[in-house]
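One structure is given here, and the rest of the page talks about it.
The values are calculated or read from the model by the stated rules, or taken from the named source; none is laboratory data. If you're wondering where the values come from, they're calculated on a predicted model, not measured in any experiment. In this analysis, Cβ positions are derived from the backbone assuming ideal geometry, glycine residues included, and neighbour counts consider all displayed protein chains.
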2 protein chains.
Amino acid sequence: MAQPRFDVIGIGNAIVDVLAHADDAFLAANGLAKGAMTLVDAGRVETLYRVMGPAVESSGGSAANTVAGLASLGSRTAFIGKVADDAFGKVFRHDIRASGVAFDSAPAKAGAPTARCLVLVTPDAQRSMQTYLGASVELGPEDVDEKLVAAAGITYLEGYLWDPPRAKEAFRKAAACAHAAGRLVALSLSDSFCVERHREEFRDLVRHHVDILFANEAEILSLWQAPDFDQALQATRALGKTAALTRSAKGSVIIGNGEVHVADPAPAARVVDTTGAGDLYAAGFLHAQARGLGLAACGRLGGLAAAEIIGHLGARPETQLKSLIPADLR
Amino acid sequence: MAQPRFDVIGIGNAIVDVLAHADDAFLAANGLAKGAMTLVDAGRVETLYRVMGPAVESSGGSAANTVAGLASLGSRTAFIGKVADDAFGKVFRHDIRASGVAFDSAPAKAGAPTARCLVLVTPDAQRSMQTYLGASVELGPEDVDEKLVAAAGITYLEGYLWDPPRAKEAFRKAAACAHAAGRLVALSLSDSFCVERHREEFRDLVRHHVDILFANEAEILSLWQAPDFDQALQATRALGKTAALTRSAKGSVIIGNGEVHVADPAPAARVVDTTGAGDLYAAGFLHAQARGLGLAACGRLGGLAAAEIIGHLGARPETQLKSLIPADLR
């Protein structure tokens, strides 16, 4: 098996985040589900954008955040995702390339504009997201470059790909390519409502097509319809795969190879905005995994990367994450 | 192997608790170590008793609290421990028998009075304990009735027995009797300072003489001199024994038979006094264990019993714990 040219290739929705502060009253008045990602249409995103406060734009997308984080840690990464040939598409392309991520997906030729996600951050640092998928829905199997996938040690996929209709074909093609090349497939469950929308397919995926699973507590409870964390943990352990279950302030639980690690969270100086915490946890974890470090080290580095991202607005690192890696994990 | 006549026999220091509220300033002014158990002599206990506020007396002692909790859950239990033939000795005997625990240890003939523990409860519900061992130091192997130990499914021992000089001989005799009869031996590490005083002997005990280990986070970190919880967990897992590691508001982690359970804490209506939380967790755990329930059920019942005890002052249950057992654990 050839040495991988990339440590990780990410495939996901190419989205520009539009971040603004909001209070609970604003969420209630506009019928927004707190802490969740809700899919909205073009009309709704325009209406909400008009009534929300002053915002900042920043390239986002769950898997894209993860590969940007990986690049910041020093990993070699690539990304596949669909933007439109418009201003926000150029912003997305500029930012992800400037982060050091190889990105060559052709823009959608016609149709909808680049996907946008209105992220409303409440004073408790929770983020509530309204996503207009736009050009993301054009992503299909023809966008998956088989040689690129085969050249990456790990193919990282976001559960959100199950929302746009043809992206799941891209997902399945990528997973099959990766395994045919003897590589690993990682999946983030993305969001508990996303899991609810696609529970049976996700169960099939984690059983048969995924080697490394990332999920937060709400997502893993939803996946197994488990009444408490421990029962969700036992169901996940029964898969016999590697999995990292993140629990916000409770840290994370990492399983694999018969091991179980209960990791405390990394100390965060402040919590401003939790957008991207899960994405960056996955970045830290996979960076350590790609370097052959043990599961406890993977969890530690995941926690450190998550602690950086929640300390400021936005889901892309503001510091070179490589400088945060402790000496014993380099 | 004969059916056990008792589910659990506890062996520990027979102590009467003297509980009073105090603030941090009082602890500081009197040089008391917050959250810990400190051994004091007769003169010091008199001095402290004189300056502390109004108190209530209540039978205590770590292993004694556990067997009282087990009886309240419906287990058949016995206790071995040394009181003096004095007023507090009569109180201890009355209370433990009234709880439904068989207790026939002969009182010490002469010497020191019944052991007392001044428990100072701060507004944050933490307890700081000053123990005068008194008659407890008379406990020796001659007090361990071999037939009684052989008749109990589980022999439960408290780490505090390592403080009075001859009690460890009683401990060793009991553990040997239990194993010779094909029974199980359980140990609570009791207190992180107690672990520090006896670390090497405790390591030998948990490796070679104990089947079920109870420890809170500070105790297990101290036992292995581990820098974080996960590393202490891995060292404990390597023993290949059953263990329950309690983490206060973080719940508990239970290991055994290759299983690892991460149990959330039971919801506590209020937290008044954490005295006895570990003792009652052990009671719930062992009650489920004696009934052949799985490790997850053991942890759940431990959490429920602990939640009751921290809701009021004192380390003995105020409600019939049996009524708190959920239908699926009966």
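One line per residue, one yes/no per condition, for (1) crowded, with 23+ Cβ neighbours inside 10 Å; (2) of a type in the set (D, E, K, R); (3) farther than 18 Å from A:LEU27 by Cβ; (4) touching a residue at least 12 places away in the same chain (Cβ under 8 Å):
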{"site": "A:PRO107", "(1), (2), (3), (4)": "no, no, yes, yes"}
{"site": "A:ALA110", "(1), (2), (3), (4)": "no, no, yes, no"}
{"site": "A:CYS117", "(1), (2), (3), (4)": "yes, no, no, yes"}
{"site": "A:ALA125", "(1), (2), (3), (4)": "no, no, no, yes"}
{"site": "A:GLY134", "(1), (2), (3), (4)": "yes, no, yes, yes"}
{"site": "A:VAL144", "(1), (2), (3), (4)": "yes, no, yes, yes"}
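For the range A:303-318, state whether one or more residues are crowded, with 20+ Cβ neighbours inside 10 Å and within 14 Å of another protein chain (Cβ to nearest Cβ).
Scanning the range A:303-318 turns up at least one residue that is crowded, with 20+ Cβ neighbours inside 10 Å and within 14 Å of another protein chain (Cβ to nearest Cβ).
Any residue that is closer than 24 Å to A:THR274 by Cα and of a type in the set (D, E, K, R) - is there at least one of those in the range A:170-185? Quick ask: steps written out before the conclusion?
Kept after step one, since they are closer than 24 Å to A:THR274 by Cα, are these residues of the range A:170-185: none.
Checked the range A:170-185: no residue is closer than 24 Å to A:THR274 by Cα and of a type in the set (D, E, K, R).
Please find, within the range B:263-275, the residue that is modelled with the lowest pLDDT out of those that are assigned to a loop (DSSP other than H, G, I, E, B) and within 14 Å of chain A (Cβ to nearest Cβ). Even if it seems obvious, please write down each step before you answer.
Taking the range B:263-275 as the starting set, the residues that turn out to be assigned to a loop (DSSP other than H, G, I, E, B) are B:264-275.
In the following step, the residues that additionally are within 14 Å of chain A (Cβ to nearest Cβ) were identified as B:264-267.
Numbers: B:ASP264: 93, B:PRO265: 92, B:ALA266: 91, B:PRO267: 88.
Ranking the qualifying residues of the range B:263-275, first place goes to B:PRO267.
Given (1) touching a strand residue (DSSP E or B) at 6+ places or on another chain (Cβ under 7 Å); (2) crowded, with 18+ Cβ neighbours inside 10 Å; (3) modelled with pLDDT of 90 or more, identify the lone condition not met by B:ARG97.
(2)
Could we say that B:ASP23 is over 21 Å from B:LYS322 (Cα atoms), in contact (Cβ under 8 Å) with a residue 12 or more places away in the chain and out of contact with any helix residue (DSSP H, G or I) (no Cβ under 9 Å at 6 or more places or on another chain) here? Outline the logic, then answer.
Details: over 21 Å from B:LYS322 (Cα atoms): yes; in contact (Cβ under 8 Å) with a residue 12 or more places away in the chain: yes; out of contact with any helix residue (DSSP H, G or I) (no Cβ under 9 Å at 6 or more places or on another chain): yes.
So B:ASP23 passes the test.
Would the range B:44-60 turn up any residue that is charged (D, E, K, R), surrounded by fewer than 24 Cβ atoms within 10 Å (Cβ to Cβ), in contact with a helix residue (DSSP H, G or I) (Cβ under 9 Å, 6 or more places away or on another chain) and at pLDDT 95 or above?
No, the conditions are met nowhere in the range B:44-60.
Considering only the range A:68-83, I want to know if a residue exists there that is free of Cβ contacts under 8 Å to residues at least 60 places away in the same chain and under 24 Å from A:ALA174 (Cβ atoms).
Going through the range A:68-83, the residues free of Cβ contacts under 8 Å to residues at least 60 places away in the same chain turn out to be A:71.
Applying the additional criterion that residues be under 24 Å from A:ALA174 (Cβ atoms) yields A:71.
Within the range A:68-83, one or more residues are free of Cβ contacts under 8 Å to residues at least 60 places away in the same chain and under 24 Å from A:ALA174 (Cβ atoms).
In the range A:276-322, which residue that is part of a helix (DSSP H, G or I) and of a type in the set (Lys, Arg) is nearest to A:ALA71 (Cα to Cα)? Show your work before the answer.
So the first thing to find is which residues in the range A:276-322 are part of a helix (DSSP H, G or I), and the list is A:277-290, A:295-309, A:321-322.
Those still in the list that are of a type in the set (Lys, Arg) too: A:300, A:322.
Values: A:ARG300: 18, A:LYS322: 9 Å.
That would be A:LYS322.
In the range A:295-324, which residues are free of Cβ contacts under 8 Å to residues at least 60 places away in the same chain and in contact with a strand residue (DSSP E or B) (Cβ under 9 Å, 6 or more places away or on another chain)?
A:LEU295, A:ALA296, A:CYS298, A:GLY299, A:ARG300, A:GLY302, A:GLY303
Within the range A:160-169, is even one residue buried (at least 23 other Cβ atoms within 10 Å of the Cβ), under 17 Å from the mean Cα position of the chain (by Cα), hydroxyl-bearing (Ser, Thr, Tyr) and over 17 Å from A:ASP17 (Cβ atoms)? Outline the logic, then answer.
Going residue by residue through the range A:160-169, those that are buried (at least 23 other Cβ atoms within 10 Å of the Cβ) are A:160-161, A:167.
Still in the running and under 17 Å from the mean Cα position of the chain (by Cα): A:160-161, A:167.
Imposing the further condition that a residue be hydroxyl-bearing (Ser, Thr, Tyr) reduces the set to A:160.
In the following step, the residues that additionally are over 17 Å from A:ASP17 (Cβ atoms) were identified as none.
No, every residue in the range A:160-169 fails to be buried (at least 23 other Cβ atoms within 10 Å of the Cβ), under 17 Å from the mean Cα position of the chain (by Cα), hydroxyl-bearing (Ser, Thr, Tyr) and over 17 Å from A:ASP17 (Cβ atoms).
Residues checked against (1) among the hydrophobic types (A, V, I, L, M, F, W, C); (2) surrounded by fewer than 22 Cβ atoms within 10 Å (Cβ to Cβ):
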residue: B:SER188; (1), (2): no, no
residue: B:LEU213; (1), (2): yes, no
residue: B:THR246; (1), (2): no, no
residue: B:ALA269; (1), (2): yes, yes
residue: B:TYR281; (1), (2): no, no
residue: B:GLY299; (1), (2): no, no
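Name the residues in the range B:50-102 that are under 25 Å from B:GLY159 (Cβ atoms), more than 19 Å from the chain's Cα centre (by Cα) and part of a strand (DSSP E or B), would you?
Within the range B:50-102, B:ALA84 is the sole residue that qualifies.
If you go through the range B:228-262 one residue at a time, how many are within 11 Å of chain A (Cβ to nearest Cβ) and over 20 Å from A:GLY258 (Cβ atoms)?
Qualifying residue count for the region: 6.
Since B:PHE193 meets every condition but one in (1) at pLDDT below 95; (2) within 17 Å of A:HIS261 (Cβ to Cβ), which condition does it not meet?
All conditions are met except number (2).
Among the residues that make up the range B:190-209, is at least one of them in contact with a Ser or Thr (Cβ under 7 Å, 6 or more places away or on another chain), free of Cβ contacts under 8 Å to residues at least 40 places away in the same chain and within 14 Å of another protein chain (Cβ to nearest Cβ)?
no
How many of the residues in the range B:147-197 are farther than 17 Å from B:ILE220 by Cβ and not aliphatic (A, V, I, L, M)?
17
Working only within the range A:171-189, note down all residues that are in contact (Cβ under 8 Å) with a residue 60 or more places away in the chain and either hydroxyl-bearing (Ser, Thr, Tyr) or farther than 20 Å from A:LEU286 by Cβ (or both).
Across the range A:171-189, the qualifying residue is only A:SER188.
List every residue pair whose Cβ atoms lie under 9 Å apart, where the two residues are 6 or more positions apart in sequence or sit on different chains, the first residue falls within the range A:279-294 and is over 16 Å from A:GLU158 (Cα atoms), and the second residue, located anywhere, is charged (D, E, K, R) and part of a loop (DSSP other than H, G, I, E, B).
Pairs that qualify, where the first residue is over 16 Å from A:GLU158 (Cα atoms) and the partner is charged (D, E, K, R) and part of a loop (DSSP other than H, G, I, E, B), are A:ALA290/A:ARG76; A:ARG291/A:ARG330.
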